[in-house]
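K.L.:
This is the structure, below, for whatever I ask next.
The values are calculated or read from the model by the stated rules, or taken from the named source; none is laboratory data. Treat the numbers as computed from the prediction; the structure is a model and nothing was measured. Neighbour counts are summed over all protein chains in view; Cβ atoms, including those assigned to glycine, are modelled from backbone coordinates with ideal geometry.
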Amino acid sequence: MPEPAAQEPAPTVEEPAAAVAAEEPIEEIELQPRVKPEIPGADLIPDIVPEGAEALHLDAEAQAAAEAEAEEASRADSDREEDAQPIADAAIDLAAGARYRATGKRKTAVARVILKPGTGVYMVNGKTLEVFFPRPTLERVIRQPLETVGYEARMDVIAKLHGGGVSAQAGALRHGISRALIDADPNLRGELKRRGFLTRDPRVKERKKAGLKKARKRPQFSKR
C-alpha cells in the first residue's frame, strides 16, 4: 500500500496590526486649555479727542503759521528799508584830480567805468544816461551803488560799454561802478557785497543742443 503523503504545515496568519496595537496600553494625553492670542495694541490707552478739540488745534496751528509769516514779512520789510538807507560811514576822497577806475561784466557786456568828483552826471559812450538807457528800471539799477553810499550828487560816471544787450549793459555798468567805489574806499566792500552789488551775475544764455530746436525745446513728436 502506498504511504500517505506528508501534510505541509499550515501557513501562519499574521495578526492584524490593529489587534496588536489594541493590546498595548494607550498613553493619556493631557489637554491644555487654549490660550487666547494677544490683541495688538491692547495695552495702549485710547486717545479720545473731545468734539471740537481738533478744530481748535487746527485753528491754533493756522494762527501760529500766520504769525510766523507776518514776522518774516516784517523782517523782510525792515531789511529792505535798511538797504534803502545810504551808508553813513563812506569816506571817499573827492580831490580835484581823483579818478577811480574799474571794469564790470554781465553776460557778454563789458563796462569800463571811471568815477570822478562832480555833480552826478552819467556819460555812457558819449551819451547821457537817459538817452542811452531810456527804460527807467535800468536807470534805477545803474544808480543804486552811488545812492547806497550817498554820493549820487557828488560824483560823475564816465563809462565805455560794448557787447551784450541793454539789460546786460546795465548790469555790467552797475557792477563796474560798485567795483570803482571799492577802489575809492575799501571799507565799503562788506556793505556793497551784502547788497549784492559786487557779485557778478553768472547767468548766461544756454547753448543750443544737437537734435533740439533750442537749448531744451524738442521737435514735436509724431507717432505716425
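For (1) touching a residue at least 40 places away in the same chain (Cβ under 8 Å); (2) not small (Gly, Ala, Ser), each residue gets a yes or a no:
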position	(1), (2)
LYS107	yes, yes
ALA111	yes, no
PRO117	no, yes
LEU138	no, yes
GLY150	yes, no
ARG179	yes, yes
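Conditions (1) part of a helix (DSSP H, G or I); (2) surrounded by fewer than 17 Cβ atoms within 10 Å (Cβ to Cβ); (3) modelled with pLDDT under 90; (4) not hydrophobic (A, V, I, L, M, F, W, C), marked per residue:
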site: GLY176; (1), (2), (3), (4): yes, no, no, yes
site: ASP201; (1), (2), (3), (4): no, yes, no, yes
site: VAL204; (1), (2), (3), (4): no, yes, no, no
site: LEU212; (1), (2), (3), (4): no, yes, no, no
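K.L.:
Then there's this: Going by the conditions given, is ASP156 out of contact with any Asp or Glu (no Cβ under 7 Å at 6 or more places or on another chain), surrounded by fewer than 22 Cβ atoms within 10 Å (Cβ to Cβ), acidic (Asp, Glu) and touching a residue at least 60 places away in the same chain (Cβ under 8 Å)?
P.N.:
Considered against the rule, which asks whether it is out of contact with any Asp or Glu (no Cβ under 7 Å at 6 or more places or on another chain), surrounded by fewer than 22 Cβ atoms within 10 Å (Cβ to Cβ), acidic (Asp, Glu) and touching a residue at least 60 places away in the same chain (Cβ under 8 Å), ASP156 comes out as no.
K.L.:
Considering each residue of the range 146-177, count those that are over 28 Å from the mean Cα position of the chain (by Cα) and closer than 22 Å to LYS107 by Cα, and give that number.
P.N.:
Total meeting the criteria: 14.
K.L.:
Hey, which of the strands (runs of 3 or more DSSP E) in the range 70-151, taking only ones fully inside, have at least 2 residues that are of a type in the set (D, E, K, R) and either modelled with pLDDT of 80 or more or farther than 20 Å from LEU192 by Cβ (or both)?
P.N.:
100-106, 109-117
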